[in-house]
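The values are calculated or read from the model by the stated rules, or taken from the named source; none is laboratory data. Here the structure is a predicted model, which means the values were calculated and not measured. We place every Cβ from the backbone using ideal geometry, glycine too, and count neighbours over all the protein chains shown.
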Amino acid sequence: MSSELALANIRAKQVEATMLPRPFELEELPTPALIIDKPALEANIAKMSKHLTSHGKGFRPHAKTHKCPLISRMQIEAGAVGVCAAKVSEAAALLHGGVSKILITSPISTLTKAQILDTLLLGQKDIRIVVDSLHGFELLAKAISADSTLGILVDLDVSMGRTGTRDNDLLLTLVERIEKDDRFYFSGVQHYAGHLMHLADFDKRREKSLSSWQRLEDKFLLLEKHGIDVDVVTGGGTGTYDIDVDVARMTDLQVGSYIFMDEEYRSIGSAQGDRFNEFELSLSVACTTISQPQSATITVDGGYKAFASDSVNPVCDDIPDVEFRFAGDEHGVLILAEGQQEIQLGQVIRFATPHCDPTVNLHEYYWVMEADGLIHSCWPITARGCSW
Ligand SMILES: Cc1ncc(COP(=O)(O)O)c(C=O)c1O
């Protein structure tokens, strides 16, 4: 019953865009407001799709970044082979939004989740999930209906130590169990080295990522020895988008953040230089200055409830020498450079987000800015809060 309630909540969520009665200026929005620059978003999608296609790799973008089925549909239109969801609930929201080729990239470990997954399979969608334990597999074996089909990938770990198995015997046992059961098919393997994505030094990032893939070689050889075909070899992210394409075994990349970019990514090195600027900043949070208790600072209406941050602070590209400091849940304080009195009360200022994924999860919808600089529509963040 509790699962039905949770799913009903997701299925009640809005999916489609709302056109505004007229185009709005940024200054007319209630802030803090999450803004998408649509031409930049479209350029990022097109660039990534072209890059991967030109290297003969599939585009399997991760929806954990945007949590918006509308955007997943845009990515599929741009050639994605399918999309990723971090969790079962995120997959449910994507399905509800008309996306039907989904890989769930986290293993599950309870019967409840396996039963919910079974519900999602109704209607024979192309849903796949990773497993990394016999416990997880056995739950699927218990919950999935006789007439359903589920693709299973084995999640492999080398050094991150988050999810995945390092055990070759377990890998083989899992594949054999999957292949013996008519409800399942072995779709391939996943390997995600998230701890390498933000390594600042590009050459080091390249070396570590390629060696991480190389360390999986014994697993591929083991599967080959047993005559097991590995259809999909998936993983990677924005930080290795131009590195992992050189891994011959890899079939597709799970890039997420490239679509928006954020300060954590922009501040690492790239093949081009000491900033990672190959994708445009298409996501920002607009805040309004609301108070000025002292002349050297001015306070905006966005804090930890508007921006999620693990390390860096929001950054204002339009006023580069202004520094943002968090001033609690609802506020940020801008440290003004000397003589920077041109910032007035009531001014709307846009900030690059420190970390795009968890920032998106704080907001209900995107305000979508078109090429004319005006806000024309609103896109619901349907999978917001879907973290189970
Ligand atoms: C399993 C998995 N794949 C892909 C990604 C996407 O990574 P990025 O946002 O760095 O492109 C993530 C992000 O955390 C992830 O957890």
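Beta carbons closer than 6 Å, at least 6 apart along the sequence or on distinct chains, pair a first residue in region 207-234 that is of a type in the set (Ser, Thr, Tyr) with a second that is in a helix (DSSP H, G or I) for 209/196; 209/240. When each of 177, 166, 183 is tested for being away from the ligand (no atom under 16 Å from the Cβ) and in contact with an Asp or Glu (Cβ under 6 Å, 6 or more places away or on another chain), the lone residue that passes is 166. Just one of (1) crowded, with 21+ Cβ neighbours inside 10 Å; (2) part of a loop (DSSP other than H, G, I, E, B) fails for residue 234. It is (2). Of the helices (runs of 4 or more DSSP H) entirely within region 1-116, those holding at least 3 residues that are among the aliphatic types (A, V, I, L, M) and farther than 20 Å from residue 151 by Cβ occupy 2-11, 38-54, 69-77.
For residue 230, the requirement of being at pLDDT 95 or above, in the same structural domain as residue 256 (by TED's automatic domain parsing), away from the ligand (no atom under 14 Å from the Cβ) and of a type in the set (A, V, I, L, M, F, W, C) is met.
Which residue is nearest to the ligand (Cβ to nearest atom), if the candidates are limited to region 255-284 and must be charged (D, E, K, R) and assigned to a loop (DSSP other than H, G, I, E, B)? The selected residue is 262. Just one residue in the set 97, 123 is more than 14 Å from the ligand (Cβ to nearest atom) and surrounded by fewer than 19 Cβ atoms within 10 Å (Cβ to Cβ); that residue is 123. Can you find even one residue in region 355-365 that is over 26 Å from residue 69 (Cβ atoms) and either of a type in the set (Val, Ile, Thr) or without any contact (Cβ under 8 Å) to a residue 60 or more places away in the chain (or both)? For region 355-365, residues over 26 Å from residue 69 (Cβ atoms) and either of a type in the set (Val, Ile, Thr) or without any contact (Cβ under 8 Å) to a residue 60 or more places away in the chain (or both): absent. Got at least one residue in region 80-94 being away from the ligand (no atom under 16 Å from the Cβ), crowded, with 18+ Cβ neighbours inside 10 Å and farther than 19 Å from residue 177 by Cα? The answer is yes; a qualifying residue exists.
The number of residues in region 4-35 that are of a type in the set (Asp, Glu) and touching a Phe, Trp or Tyr at 6+ places or on another chain (Cβ under 9 Å) comes to 1. Selection of region 242-275 for residues being crowded, with 23+ Cβ neighbours inside 10 Å and either hydroxyl-bearing (Ser, Thr, Tyr) or not assigned by TED's automatic domain parsing to the domain that holds residue 157 (or both) yields 257, 258, 265. Of everything listed in (1) assigned to a loop (DSSP other than H, G, I, E, B); (2) out of contact with any strand residue (DSSP E or B) (no Cβ under 6 Å at 6 or more places or on another chain), the single unmet condition for residue 306 is (2). With respect to (1) over 24 Å from residue 299 (Cβ atoms); (2) surrounded by fewer than 19 Cβ atoms within 10 Å (Cβ to Cβ); (3) within 24 Å of the chain's Cα centre (by Cα), the lone exception for residue 382 is condition (2). The strands (runs of 3 or more DSSP E) found wholly in region 311-387 include none carrying at least 2 residues that are within 16 Å of the ligand (Cβ to nearest atom), among the basic types (Lys, Arg) and within 20 Å of residue 258 (Cβ to Cβ).
Filtered by the rule that a residue be on the phi < 0 side of the Ramachandran plot and surrounded by fewer than 14 Cβ atoms within 10 Å (Cβ to Cβ), region 216-230 gives 217, 218, 221, 224, 225, 226, 229. For residue 242, the test of being modelled with pLDDT of 95 or more, closer than 24 Å to residue 37 by Cβ and over 13 Å from the mean Cα position of the chain (by Cα) is passed. Given the criteria out of contact with any strand residue (DSSP E or B) (no Cβ under 7 Å at 6 or more places or on another chain), exposed (fewer than 12 other Cβ atoms within 10 Å of the Cβ) and of a type in the set (Asp, Glu), does residue 357 qualify? So residue 357 fails the test.
Conditions tested, residue by residue: (1) within 30 Å of residue 71 (Cα to Cα); (2) in contact with a helix residue (DSSP H, G or I) (Cβ under 7 Å, 6 or more places away or on another chain); (3) without any contact (Cβ under 8 Å) to a residue 40 or more places away in the chain; (4) not aliphatic (A, V, I, L, M).
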residue: 259; (1), (2), (3), (4): yes, yes, no, no
residue: 277; (1), (2), (3), (4): yes, yes, yes, yes
residue: 284; (1), (2), (3), (4): yes, no, no, yes
residue: 296; (1), (2), (3), (4): no, no, no, no
residue: 312; (1), (2), (3), (4): yes, yes, no, no
residue: 330; (1), (2), (3), (4): yes, no, yes, yes
residue: 344; (1), (2), (3), (4): no, no, no, yes
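If you go through region 182-195 and keep only what is surrounded by fewer than 23 Cβ atoms within 10 Å (Cβ to Cβ) and either polar (S, T, N, Q) or not in a strand (DSSP E or B) (or both), you end up with 182, 183, 187, 194, 195.
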